[in-house]
Every structure is written in C-alpha cells, then in structure tokens.
Amino acid sequence: MTTRRNFLRGALAATGAIVGAGSTASVQARETYSVPPEGLGLLYDATLCIGCKACVAACKEANNNPPEFSTVDKLWDTPLDTSGYTFNLIKMYRSGTMETKDAENNGYAFMKTSCMHCADPSCVSACPVSAMIKNPTNGIVEYNPDKCIGCRYCVAACPFGIPKYQYDSPTGEIGKCELCRHRHKDGHYSACAEVCPTGATLFGKTSVLLEEAKRRLALKPGSVTTYPRGHLRHGQLKALLGEPEGKGRMERTGWKDEPNQNYEGEVGNYQQHVYGEKEYGGTQVLKLSGVPFEKVGMPKLPPYSSAATSETIQHSLYGGLLMPIAVLGALTWVAKRNVKPEDEEGGQS
Amino acid sequence: MSTHSSSHVHAKPAPVGGPLFNAVTLISGVLILTMAVILLVRFVYGLGSVTALNDGYPWGIWIAVDVVIGSAFACGGFSVAMLVYIFNKGEYHPLVRPALLASLLGYTLAGVGVIFDLGRWWNVWNMFWPGSVNPNSVMFEVAVCITAYIMVMWIEFAPTFFEKFGMDNAKRKLSKFMFAIIALGTLLPMMHQSSLGTLLVVMGEQVHPLWQTPTLPALYLLSAITMGYAVVLFESCLASAAYRRSIEMHLLTPLAKVMLGMLAAFLILRLGDLVVRGALPRAFGLSLEAVFFWLEMLCFIAPFFVIGSAANRRNPAKLFVAGILLMLGGALLRLNGFLIAYQPVIGVETSGVNFSYFPTLPELLVTVGMFAIEVFAYIVITRRFPVLPREEVKPA
Ligand code: SF4
Ligand code: SF4
Ligand code: SF4
C-alpha cells in the first residue's frame with residue numbers, strides 16, 4: 001500500500017513538474033470507500049445453485065426486459081451474456097467430463113453475473129454527469145437515464161463488465177441491476193432472491209450476508225446445516241448462528257412478511273474466500289463458490305479501487321483548481337512580457 | 001518593446017489565393033457527403049446500425065481516433081504558441097498562425113465528433129449543468145477543458161478574420177487581452193491532454209499493464225507536446241509542397257531539436273515507469289499487445305536515428321519522415337491504450353462469450369470524413385485568409 005502510494009506520488013510529481021509547478025502537486029490521497037453500514041446486497045452461493053434460471057426470468061419480468069435469443073428457433077430467452085436488456089444471468093463453468101458439481105476438474109458449476117454494487121464503484125467515479133450514483137444510505141448503485149449522455153465510460157470502467165448500452169436503439173439506455181429498487185416501496189426486494197428455490201441467491205443487508213457467508217465457510221464440508229431462503233434478516237441470522245436475537249437491532253421496516261422458508265442441506269466444498277468482502281474495497285453483492293473464483297469469471301482484484309487511484313490523480317492535479325490557477329498566473333505573467341499589445345496578433349514586428 | 005521585436009523580421013501572413021475547386025477539395029466534398037449520410041443512419045437507427053461497437057468494446061475509433069488521437073494531432077497550435085510566447089522564442093512566430101489553424105480545426109471537429117458517439121446526446125447539457133456535473137469524473141474535466149479550449153482558440157484566431165474583413169478596431173481591442181487568452185490557451189490543453197491519459201486509470205485491470213499506470217497523465221501530456229511539433233514539421237513540409245512555397249527550414253531545423261528533447265524526456269519517463277512497475281517483461285512474448293508495444297516504441301525511437309544529427313535536421317525530407325514517425329508513435333500510444341490494450345471482462349471463460357472489435361466500413365468512413373472536413377477547411381481558409389507567411393518576403 002505504501003509503495004503504491006509512493007509511486008502515485010512520484011507519478012503525480014512528474015506531471016506537476018511538466019506542468020511547471022511541481023511543488024504545488026500535493027497528493028491528496030483519496031482512500032478507497034467501504035460498504036455503508038445499511039448497505040443492501042445479495043449473497044450468491046454457487047454450491048446451492050441448481051442452474052434453474054428462475055432468477056433470470058424473474059429479473060426480466062421485474063425490469064420489463066424483452067427476451068434475447070441465441071438459438072435459431074428463438075423459443076425462449078437465451079442470452080449468452082448480460083446486456084442492455086439482461087441484467088442478471090447464470091453462467092456455467094464446464095471442465096472435462098463434467099461429472100461432479102462444483103469441482104474444478106471434470107466438473108461443472110454455476111455463477112451469477114450481475115452488478116456487484118461496489119463500495120467504491122468505478123462506474124460512479126467515471127460518470128461525468130452523475131447519471132450513475134451510489135445511494136448514500138443503502139449503497140445501491142442507481143442509474144438515471146434522464147441525465148445519462150450515453151458516453152459509455154461506465155461500461156468501460158466497470159471491473160465486472162456490468163453496465164451495458166442498448167446499441168440497437170437511437171435512444172438506447174444503459175442497463176444494469178439496481179437491486180429492484182423500484183419494487184422496494186411495495187415491500188418487495190430483489191426479484192432474483194425472491195424466486196430462488198434453493199436460497200442460492202439471498203437478499204439482505206450486506207453486513208448480515210457477510211456473517212452468513214462466514215458461517216458457511218466455517219462448517220465442515222458434507223455436514224448438514226440450515227439454509228435460509230429469500231430475504232435474510234438479522235434475527236434469522238442470529239437463529240442460524242444459535243445466538244440470542246440481539247435486542248434493539250432494528251431492521252428497515254416495510255419489507256413484506258414471509259413465512260420461514262429455511263431448509264436442511266448438505267454443506268458444500270467451499271473455497272475459503274468470500275468474494276466481495278475485500279475486492280476493490282468490498283462489494284455489496286457477495287459470492288461463495290466451490291470452484292476458484294477466477295475460473296468462474298470473477299476477476300482477481302486488489303483491495304483498493306481504481307476509482308480511488310483515478311480520483312487521487314484528478315484531485316492532486318486539479319483539486320480546488322489550485323494548481324491550474326497557479327500555473328495560469330505564471331503563464332499569464334510570462335505571456336504578458338512576451339506578447340506585445342499592438343503587434344499583429346502578437347508577433348509581426 | 002519586446003526583446004525580439006527588432007531581432008526577427010517576419011513575413012506578414014497573407015492569403016495564398018488560387019482556386020477553391022480542385023481535385024483535393026472535390027474528393028473531400030464527396031467524403032464529407034458520405035459521412036453525412038452515414039451519420040443520418042446512425043442518428044435514426046442507433047449506434048449499432050453503423051458501428052461495430054458491442055457489449056465488450058463500448059468505445060471504438062470514433063473515440064480513440066477522432067477524439068483522443070485527433071486532439072493530440074491538433075496540439076501544434078499549443079506547442080508552438082508555448083514556444084513563442086512562454087519560452088519567448090519569437091523567431092518561431094510565423095509558424096503560429098498555420099499551426100493554430102490546424103489545431104482549431106482539429107479540436108473543433110473532435111468536439112463535434114464526440115456528439116456522434118454519444119448514445120444519449122440530447123442530454124449533453126448535463127455536462128455543464130451544476131446540478132449534474134461530477135467533478136470526480138475524469139471525463140467531466142476533459143469535456144469542460146476541451147470546450148473551453150475550442151472557444152479560446154477561436155478567439156486566438158479571430159485576428160485573422162478581423163484582418164480579412166478590415167476590422168482594425170476589434171483587432172486592436174482584442175490584442176490588448178491577447179496575452180491572457182494565450183496563457184489560457186496554454187493551460188487548457190495541458191490539463192485535458194494529460195487527463196485524456198487519466199481516462200484510462202479508472203478502467204483498472206481492463207487495460208493491459210504496459211499502458212495502465214498512474215504516470216499516464218504525464219505521458220500523454222509529454223507525447224502531445226512532442227506530437228504538436230511533429231505535426232508542425234509535417235504540415236509545413238506538406239503546405240510548402242502543395243502550395244509550391246519554400247520551406248521555412250531556418251525555423252524547422254531548430255524546432256526539430258526542441259522536439260527531440262521533449263521526446264527524450266517522454267521516453268525516459270515511459271521506460272522508467274515500465275521498469276519501476278515491473279511491467280516490462282510483459283513486452284516480451286507473443287501477444288498482440290507486445291507487437292503493438294514494439295511498433296509504438298519503434299516509432300518513438302526511430303526519429304533519433306533519422307534526425308539525430310544536425311546535418312540530417314537540415315534535410316526537409318528527413319524532417320518530414322521524423323514528423324510522421326512521431327505522429328504515428330503518439331497515435332499508437334493512444335490507440336494501444338484505448339483499444340488494443342483494452343481487455344473486456346468476459347466472465348466465465350467456458351460460457352462461449354468472446355468479444356472483438358474491428359471498425360466497420362461506415363465507421364471508418366466517418367473518421368475519414370472528419371479528416372476530409374479538416375483538409376477542406378484548411379485549404380479554403382489558407383487560400384482566402386491571411387494565415388501562411390507571405391511568400392515574396394524571403395526571410396534572411
Ligand atoms: S459492478 Fe460495475 S456497474 Fe456495478 S457498481 Fe460495481 S462498477 Fe458499478
Ligand atoms: S453512459 Fe451514462 S451512466 Fe454511463 S458514464 Fe456515460 S453518462 Fe454516465
Ligand atoms: S434461481 Fe437460484 S438456483 Fe435458480 S439459477 Fe438462480 S440462483 Fe441458481
């Protein structure tokens with residue numbers, strides 16, 4: 001971390017020196033943000049996923065998206081990747097004979113692809129017009145088509161390849177998961193978690209989901225445990241952990257009531273890694289997997305975000321416009337000496 | 001008055017004259033019309049109808065070439081103005097106007113070209129709306145600086161029009177403030193040319209390590225200044241050949257030396273950064289990125305062999321070649337960073353998704369059309385307005 005900081009400082013001093021005001025280039029390091037305390041998210045456990053794609057269909061319906069076809073007969077929705085019209089997709093990992101589920105070799109596995117709702121989102125830092133913003137309370141990364149200029153910088157910036165533009169339309173928008181925030185006011189949460197039959201996709205506060213993920217990682221593979229479904233609330237988590245329900249922990253009210261949907265299941269063979277706990281400062285969507293994450297398309301990312309690096313550079317060079325004004329002052333002073341007022345545009349002498 | 005007022009006697013700029021209709025302007029006209037038709041289709045049916053852009057490659061040549069490379073090619077005005085007014089090298093003054101004209105056209109077109117690429121262009125006012133702007137966004141800074149610079153350049157160039165239309169009063173008034181305009185016209189390109197490099201930083205892992213570094217702003221700025229001089233060499237040679245005028249060798253020879261100095265500074269930073277970050281090994285191996293890296297390096301290093309000696313710098317053909325090499329090098333640095341080095345996230349490798357991008361013919365024709373506008377406008381303006389130094393006054 002310090003070497004990175006020092007290198008950044010050096011790199012910036014170099015730019016400052018070129019601009020001619022090396023000494024004013026102060027590195028105002030912008031730390032990587034972390035998940036807000038009330039941040040909402042999902043926990044996707046690949047070992048529980050059966051690849052039924054109920055979540056994909058539910059996402060389409062909840063977001064009013066048309067089907068997309070990759071087969072000749074065009075019988076049903078078969079997108080190969082997320083797109084401007086597909087915000088959630090279950091992808092398949094295949095190896096050799098594909099005998100064992102969640103095995104790296106001769107196995108197969110599933111992986112959910114959708115917005116990770118980063119703690120420090122690259123898309124938000126990139127967007128020039130604040131059309132991508134991170135909700136300060138629940139941390140949902142929201143998109144506003146009424147501001148969006150369609151520059152697609154967010155598309156290029158996202159480390160997970162998530163926002164996608166609708167190229168087939170003259171008024172195309174950016175499409176990506178917003179955790180079904182338009183359904184929250186009716187008490188509904190993310191459609192994918194609502195319909196998931198196995199609880200492979202859970203909705204809840206990221207802090208709660210993280211504890212649940214860690215509970216699973218601590219279990220012995222092959223043993224039997226209780227798995228929740230749908231919306232994992234704090235109280236339920238405490239029950240799963242065998243702890244008394246902490247008093248005074250208030251959940252946001254207004255979520256629709258659900259019957260207990262817990263079930264008993266076998267513990268999978270997990271990679272000891274909660275994906276999203278540390279990556280780029282953390283993400284509000286967390287993932288567990290039996291197959292190494294890089295194999296199932298989750299990139300290896302450092303614990304600091306590229307948004308922080310980019311903004312450190314920007315703010316060191318342009319923060320408060322201090323350096324530009326200082327340089328402008330110097331340039332004006334020099335130019336005043338060298339440009340003669342009455343000569344022909346400065347030089348015919 | 002100023003120190004150089006007596007030491008340099010320059011030819012006053014004058015219109016070149018001659019016909020506006022010739023083979024070059026005619027071909028330009030056809031290309032411009034073709035572009036207009038393609039753009040009509042683009043605006044009616046969407047970006048996907050004419051471009052090869054896709055979910056893996058959100059940016060294509062309209063951004064990488066028309067805007068990023070185009071604006072760097074348009075740095076001649078800024079590079080020369082800096083030399084003349086900031087470093088007080090008055091002898092280069094005759095180069096200012098032609099270079100400024102090329103910059104003005106290049107930047108104005110890059111600015112307009114952005115609109116073609118914007119998927120929701122009618123919202124573009126948000127870029128300047130206080131309630132919408134995002135000062136953390138590198139693109140915001142680039143957009144505002146480029147817009148301001150285009151306006152500043154038109155003011156800088158205004159005396160040319162004032163002269164043509166005999167508006168002496170306006171010209172005299174403007175000349176009182178010219179120093180401030182020139183200072184601003186030096187600062188703004190420094191800001192956005194460096195930020196064009198910073199654009200890549202937030203893309204993190206998607207950009208190959210040979211081109212992803214916090215030194216990007218410094219690298220892009222240094223190379224843009226260098227390219228500015230290269231473009232002046234290129235364009236002076238070309239204008240002299242096309243208009244059958246004598247080449248200003250007494251200016252270009254020392255200018256080439258300045259250019260080599262900048263180039264050396266750039267190369268030291270570029271290679272030093274690669275070594276310090278430990279990214280250099282990535283240049284050895286058989287990959288598209290490695291090949292393009294060496295192509296880029298070749299273009300940056302070759303000029304030292306072509307015009308490294310003082311004798312060679314007095315040879316117009318060699319200056320021309322060196323200018324082209326450097327323009328290519330700078331163009332490759334940008335093309336590489338924005339397209340070749342850009343690696344889309346594909347997720348699960350066995351899911352059958354693979355992205356590739358190669359511009360479509362209509363996409364290329366728009367880029368060509370933009371270039372045609374530049375050529376067309378340059379010819380019309382230099383033939384009718386006082387831009388190039390008057391020919392009959394042979395400088396000593
Ligand atoms: S996953 Fe991508 S789109 Fe979602 S918040 Fe992170 S950077 Fe933005
Ligand atoms: S495409 Fe829209 S949301 Fe994405 S960065 Fe550009 S303006 Fe922002
Ligand atoms: S609904 Fe649940 S089990 Fe079915 S594919 Fe989606 S995550 Fe997997």
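The values are calculated or read from the model by the stated rules, or taken from the named source; none is laboratory data. Being a predicted model, the structure only gives us computed values, none of them experimental. Heads up, the Cβs are rebuilt from the backbone with ideal geometry, glycines too, and the neighbour counts pull from every protein chain shown.
Residues that are within 14 Å of chain B (Cβ to nearest Cβ), within 16 Å of ligand 1 (Cβ to nearest atom), touching a strand residue (DSSP E or B) at 6+ places or on another chain (Cβ under 6 Å) and of a type outside the set (Ser, Thr, Tyr): does the range A:48-61 have at least one?
Step one: filter the range A:48-61 for residues within 14 Å of chain B (Cβ to nearest Cβ), giving A:49, A:51, A:53, A:56.
Subsequent filtering for residues that are within 16 Å of ligand 1 (Cβ to nearest atom) retains none.
No; the residues of the range A:48-61 include none that is within 14 Å of chain B (Cβ to nearest Cβ), within 16 Å of ligand 1 (Cβ to nearest atom), touching a strand residue (DSSP E or B) at 6+ places or on another chain (Cβ under 6 Å) and of a type outside the set (Ser, Thr, Tyr).
Within 14 Å of chain A (Cβ to nearest Cβ) and not basic (Lys, Arg): does that describe B:Thr367? Spell out how you get there, then give the answer.
Working: within 14 Å of chain A (Cβ to nearest Cβ): no; not basic (Lys, Arg): yes.
No.
Report, by residue number, each residue of the range A:20-62 that is away from ligand 3 (no atom under 16 Å from the Cβ) and either at pLDDT 95 or above or under 22 Å from A:Lys205 (Cα atoms) (or both).
First pass over the range A:20-62, keeping only residues away from ligand 3 (no atom under 16 Å from the Cβ): A:20-40.
Across the range A:20-62, the qualifying residues are A:Thr32, A:Tyr33, A:Ser34, A:Val35, A:Pro36, A:Pro37, A:Glu38, A:Gly39, A:Leu40.
Based on this model, can you work out whether B:Val275 counts as free of Cβ contacts under 8 Å to residues at least 12 places away in the same chain, surrounded by fewer than 24 Cβ atoms within 10 Å (Cβ to Cβ) and among the aliphatic types (A, V, I, L, M)?
Spelling it out, B:Val275 is indeed free of Cβ contacts under 8 Å to residues at least 12 places away in the same chain, surrounded by fewer than 24 Cβ atoms within 10 Å (Cβ to Cβ) and among the aliphatic types (A, V, I, L, M).
List the number of the failed condition for B:Ser356; all other conditions in (1) within 25 Å of the chain's Cα centre (by Cα); (2) modelled with pLDDT of 90 or more hold.
(1)
Do we have any residue at all in the range B:267-275 that's closer than 22 Å to B:Leu83 by Cα and basic (Lys, Arg)?
Scanning the range B:267-275 turns up no residue that is closer than 22 Å to B:Leu83 by Cα and basic (Lys, Arg).
Would you confirm whether or not the range B:46-68 contains a residue that is charged (D, E, K, R), surrounded by 21 or more Cβ atoms within 10 Å (Cβ to Cβ) and away from chain A (no Cβ under 12 Å)?
yes
When the range A:98-139 is examined, which residues are found to be touching a residue at least 12 places away in the same chain (Cβ under 8 Å), more than 15 Å from ligand 1 (Cβ to nearest atom) and not in a loop (DSSP other than H, G, I, E, B)?
A:Lys101, A:Gly107, A:Tyr108, A:Ala109, A:Phe110 - these are the residues of the range A:98-139 that are touching a residue at least 12 places away in the same chain (Cβ under 8 Å), more than 15 Å from ligand 1 (Cβ to nearest atom) and not in a loop (DSSP other than H, G, I, E, B).
Yes or no: the range B:314-323 includes at least one residue that is at negative phi, in contact (Cβ under 8 Å) with a residue 12 or more places away in the chain, in a helix (DSSP H, G or I) and among the β-branched types (Val, Ile, Thr).
Yes: one or more hits.
Tell me yes or no: at least one residue of the range B:156-177 is more than 7 Å from chain A (Cβ to nearest Cβ), over 30 Å from A:Met298 (Cα atoms), of a type in the set (Ser, Thr, Tyr) and under 15 Å from the mean Cα position of the chain (by Cα).
no
Among (1) in contact (Cβ under 8 Å) with a residue 40 or more places away in the chain; (2) more than 8 Å from chain A (Cβ to nearest Cβ); (3) touching a helix residue (DSSP H, G or I) at 6+ places or on another chain (Cβ under 7 Å), which single condition is B:Asn88 missing?
(2)
Criterion first (surrounded by fewer than 21 Cβ atoms within 10 Å (Cβ to Cβ) and either near ligand 2 (Cβ under 10 Å from one of its atoms) or part of a helix (DSSP H, G or I) (or both)) does A:His188 satisfy it?
So A:His188 does not fit the description; no.
So A:Cys151 fits all but one of (1) within 16 Å of ligand 3 (Cβ to nearest atom); (2) within 10 Å of chain B (Cβ to nearest Cβ); what number is the exception?
If we test A:Cys151 against (1) within 16 Å of ligand 3 (Cβ to nearest atom); (2) within 10 Å of chain B (Cβ to nearest Cβ), just (1) comes out false.
Taking helices (runs of 4 or more DSSP H) that do not extend beyond the range B:57-120, which have at least 1 residues that are modelled with pLDDT of 90 or more and assigned by TED's automatic domain parsing to the domain that holds B:Glu235? Quick ask: steps written out before the conclusion?
Numbers: elements: B:70-73, B:76-81, B:93-117.
Result: B:70-73, B:93-117.
Is it the case that some residue within the range A:123-136 is at negative phi and more than 16 Å from ligand 2 (Cβ to nearest atom)?
Within the range A:123-136, the subset at negative phi is A:123-129, A:131-136.
Still in the running and more than 16 Å from ligand 2 (Cβ to nearest atom): A:136.
Yes, the range A:123-136 has at least one match.
In the range A:63-85, how many residues are farther than 19 Å from A:Gly161 by Cβ and within 20 Å of the chain's Cα centre (by Cα)?
Counting residues in the range A:63-85 that are farther than 19 Å from A:Gly161 by Cβ and within 20 Å of the chain's Cα centre (by Cα) gives 0.
Restricting to the range A:165-198, and then to whatever is over 25 Å from B:Leu47 (Cα atoms) and among the hydroxyl-bearing types (Ser, Thr, Tyr), can you tell me which residue is nearest to ligand 3 (Cβ to nearest atom)? Give the steps one after another, and end with the answer.
If we filter the range A:165-198 for residues that are over 25 Å from B:Leu47 (Cα atoms), which is where we start, we get A:179-198.
Subset that is among the hydroxyl-bearing types (Ser, Thr, Tyr): A:189-190, A:198.
Working: A:Tyr189: 14, A:Ser190: 11, A:Thr198: 5 Å.
Restricting to residues being over 25 Å from B:Leu47 (Cα atoms) and among the hydroxyl-bearing types (Ser, Thr, Tyr), the top hit is A:Thr198.
For the range A:86-126, enumerate the residues that are more than 13 Å from the chain's Cα centre (by Cα) and hydrophobic (A, V, I, L, M, F, W, C).
A:Leu89, A:Ile90, A:Met92, A:Met98, A:Ala103, A:Ala109, A:Phe110, A:Met111, A:Ala126
So if I check each of A:Ala218, A:Ala213, which one is closer than 23 Å to A:Val35 by Cβ and surrounded by fewer than 15 Cβ atoms within 10 Å (Cβ to Cβ)?
Numbers: A:Ala213 fails: surrounded by fewer than 15 Cβ atoms within 10 Å (Cβ to Cβ).
Only one candidate passes the filter, namely A:Ala218.
Kindly check whether there is at least one residue in the range B:101-118 that is without any contact (Cβ under 8 Å) to a residue 40 or more places away in the chain, facing chain A (nearest Cβ under 7 Å) and not charged (D, E, K, R).
The answer is yes; a qualifying residue exists.
Tell me whether the range B:197-217 contains one or more residues that are assigned to a helix (DSSP H, G or I), within 11 Å of chain A (Cβ to nearest Cβ), within 22 Å of B:Gly106 (Cα to Cα) and of a type in the set (S, T, N, Q).
Step one: list which residues in the range B:197-217 are assigned to a helix (DSSP H, G or I), which gives B:197-198, B:201-206, B:216-217.
If we keep only those that are within 11 Å of chain A (Cβ to nearest Cβ) as well, we get B:197-198, B:201-206, B:216-217.
Applying the additional criterion that residues be within 22 Å of B:Gly106 (Cα to Cα) yields B:197-198, B:217.
Subset that is of a type in the set (S, T, N, Q): B:198.
Yes; the residues of the range B:197-217 include at least one that is assigned to a helix (DSSP H, G or I), within 11 Å of chain A (Cβ to nearest Cβ), within 22 Å of B:Gly106 (Cα to Cα) and of a type in the set (S, T, N, Q).
Take the conditions more than 16 Å from ligand 1 (Cβ to nearest atom), among the aliphatic types (A, V, I, L, M), assigned to a loop (DSSP other than H, G, I, E, B) and within 9 Å of another protein chain (Cβ to nearest Cβ) and apply them to A:Leu75. Does it pass?
Values: more than 16 Å from ligand 1 (Cβ to nearest atom): yes; among the aliphatic types (A, V, I, L, M): yes; assigned to a loop (DSSP other than H, G, I, E, B): yes; within 9 Å of another protein chain (Cβ to nearest Cβ): no.
No, not satisfied.
Confirm whether B:Met327 is outside the structural domain of B:Phe165 (by TED's automatic domain parsing), in a helix (DSSP H, G or I) and crowded, with 19+ Cβ neighbours inside 10 Å.
Against the criterion (outside the structural domain of B:Phe165 (by TED's automatic domain parsing), in a helix (DSSP H, G or I) and crowded, with 19+ Cβ neighbours inside 10 Å), B:Met327 does not qualify.
Of the conditions (1) over 22 Å from B:Pro130 (Cβ atoms); (2) more than 8 Å from ligand 2 (Cβ to nearest atom), A:Ala157 fails just one. Which one is it?
(2)
Do we find a residue being within 9 Å of another protein chain (Cβ to nearest Cβ), more than 25 Å from A:Leu209 (Cβ to Cβ) and crowded, with 24+ Cβ neighbours inside 10 Å anywhere in the range A:110-127?
Yes, because at least one residue in the range A:110-127 is within 9 Å of another protein chain (Cβ to nearest Cβ), more than 25 Å from A:Leu209 (Cβ to Cβ) and crowded, with 24+ Cβ neighbours inside 10 Å.
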